[in-house]
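Student: There's a structure below that I have some questions on.
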Amino acid sequence: MRARRHLVVMAKAPRLGRVKRRLAQGIGQRAAFAFYSRTLALLLRRLGHDGRWRLWLYVAPDRAVHRGCRWPRGLPRRRQGAGDLGARMRRPLRELPPGAVVIIGADIPDLARRHVAAAFRCLGSHDAVFGRAADGGYWLIGVRRRPHLPRLFYKVRWSTAHALADTLAAFDRRHRIGFLEELEDVDDAASYARFRERRAAALSRRA
């Protein structure tokens, strides 16, 4: 089987009160729901039908794979399954067909096709690639998966400033690690305000 490039989007079914709860504490449930729904829809439209990779939706909760949510047509969907974020991200790395895998979340409004393309290019000469986030985490991870898959995502302190460093601890000197530009996932009111400022500035430049 010819190896392919696989882009995985980890997505929660957009439901009021069930998504972006930390953001909702600062801007309200309806505003947080609207932001998440819009960002997810735009992201899938932007990345979903690019011939350079195949996009896979890994969905939570598991029952939302088949019912209760209108996902875009033509995009294969799989269950995230049980466990913490690390356990759920290990699943696509283990079960997808041969080829490099890049994993992203659904709450990065500044993410563009050029970022994904850069990640796959990096995996041509590196074992893994990360998109750094300002808070000490990361908005993207890509893994070549050959000649073997590192033992990833164990003992990672998720949602802390240590998430990237803990994940990098799974690699040793034999592995080549690449890094992309820094982006920001929108998790709270402060990051949401910065996103709105960037969008307003971009719109004013176009005017």
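Readers should treat all values here as calculations from the given coordinates under stated rules, not as data from a laboratory. Fair warning: this is a prediction, and the values are worked out from it, not measured in the lab. For neighbour counting, all protein chains shown are included, and Cβ atoms are generated from backbone atoms with ideal geometry for every residue, glycine included.
Student: With springs only between Cα atoms under 10 Å, which of His115, His126, His66 fluctuates most in a Gaussian network model of the chain?
Tutor: Among His115, His126, His66, the largest GNM mean-square fluctuation belongs to His66.
Student: Return the percentage of antiparallel bridges among DSSP beta bridges fully within segment 6-206, rounded to the nearest 5 %.
Tutor: Antiparallel: roughly 30 percent of the beta bridges in segment 6-206.
Student: What's the extension gain from Arg21 to Arg67 if we count 0.36 nm per residue and subtract their Cα-Cα distance?
Tutor: 14.3 nm is the gain from fully extending Arg21 to Arg67.
Student: To continue, here is another question. Compute, for segment 6-206, the length of the dipole vector about the Cα centre, with Cβ point charges of +1 (Lys, Arg) and -1 (Asp, Glu) only. Units Debye, rounded to 20.
Tutor: The calculation lands at about 780 debye.
Student: Please give the FRET efficiency for Arg206 paired with Phe171, using the beta carbon to beta carbon distance and R0 = 30 Å, rounded to the nearest 0.05.
Tutor: So the FRET efficiency works out to roughly 0.15.
Student: For the chain, what is the calculated [θ] at 222 nm in deg cm²/dmol (nearest 500), taking -39500 (n - 2.57) for each run of four or more DSSP H residues and dividing by its residue count?
Tutor: Result for the chain: -10500 deg cm²/dmol, rounded to the nearest 500.
Student: Moving to a separate point now. I want to verify a result. In a Gaussian network model of the chain, Cα cutoff 10 Å, which of these has the top mean-square fluctuation: Asp107, Asp185, Asp50?
Tutor: Asp50
Student: Taking 22 Å as R0, compute the FRET efficiency from the Cβ-Cβ separation of Ala87 and Ser159 and round it to 0.05.
Tutor: Calculated value: 0.90.
Student: Ordered by residue, what ³J(HN,Hα) values in Hz, to whole numbers, does segment 157-167 give under the Karplus form 6.51 cos²θ - 1.76 cosθ + 1.60, where θ = phi - 60° and Gly and Pro are x?
Tutor: Those phi angles translate into 8, 5, 6, 10, 6, 9, 4, 5, 4, 5, 5 Hz.
Student: Arg18's amide H: which non-local residues (gap 5+, or another chain) put their own amide H closer than 5 Å, with H modeled 1.01 Å from N in plane and none for Pro or chain starts?
Tutor: The list, which skips near neighbours in sequence, is empty: none.
Student: Hey, another quick one. Relative contact order for the chain using alpha-carbon pairs under 8 Å, separation at least 6, rounded to a whole percent?
Tutor: Reported relative contact order: 22 percent.
Student: Starting from the Cα gyration tensor of segment 109-205, take the square roots of the eigenvalues, sort them a ≥ b ≥ c, and report rounded, prolate or oblate (rounded when a/c is under 1.5, otherwise prolate if a/b is larger than b/c, else oblate).
Tutor: Cα axes put segment 109-205 in the oblate bin.
Student: Counting only DSSP beta bridges with both residues in segment 122-207, what percent are antiparallel, rounded to the nearest 5?
Tutor: 50
Student: Assuming R0 = 25 Å, what is the FRET efficiency of Arg4 and Arg199, from their Cβ-Cβ distance, to the nearest 0.05?
Tutor: E(calc), rounded to 0.05, equals 0.15.
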